[in-house]
Amino acid sequence: MQSVLKQAGRLEMAVLALAFLGFALLLMVGPAFAGADTTFDTAENTFTGFLEGSGGRIITILSLVGGVVGLASGRFSLGQIAIPVGVGVGAGTGVPIVTSTVTATI
């Protein structure tokens, strides 16, 4: 019976220590303001430029080559034509749509 009481006492101490730690962390956090932070602007501009520029073209061409190879191997499918077209449209127009959605949300 005493071993059960010892374990219950340890559990209470562990819960109390976690509660204290959580409260201490809560006191140390700072405010976060939406739209005022420019931390990810460089990465966003680089990624957007890559997808809208040569990177988007490379991805589209590789997708198109994959579709042509699939057609040449004798397994014709509409997806082998539709997927490269979708990738090209997504690379060309998807980035501005996502950027405007994120900007409107923030």
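The values are calculated or read from the model by the stated rules, or taken from the named source; none is laboratory data. All values derive from a computational prediction rather than experimental measurement. Note that each Cβ is placed from the backbone with ideal geometry, even for glycine, and that neighbours are counted across all protein chains shown.
What do you reckon, is L26 modelled with pLDDT of 80 or more and part of a helix (DSSP H, G or I)?
In short, yes.
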Given (1) surrounded by 11 or more Cβ atoms within 10 Å (Cβ to Cβ); (2) free of Cβ contacts under 8 Å to residues at least 40 places away in the same chain, index of the condition T48 fails: (2)
Scan region 94-102 and give yes if some residue there is assigned to a helix (DSSP H, G or I) and more than 30 Å from T38 (Cβ to Cβ), otherwise no. no
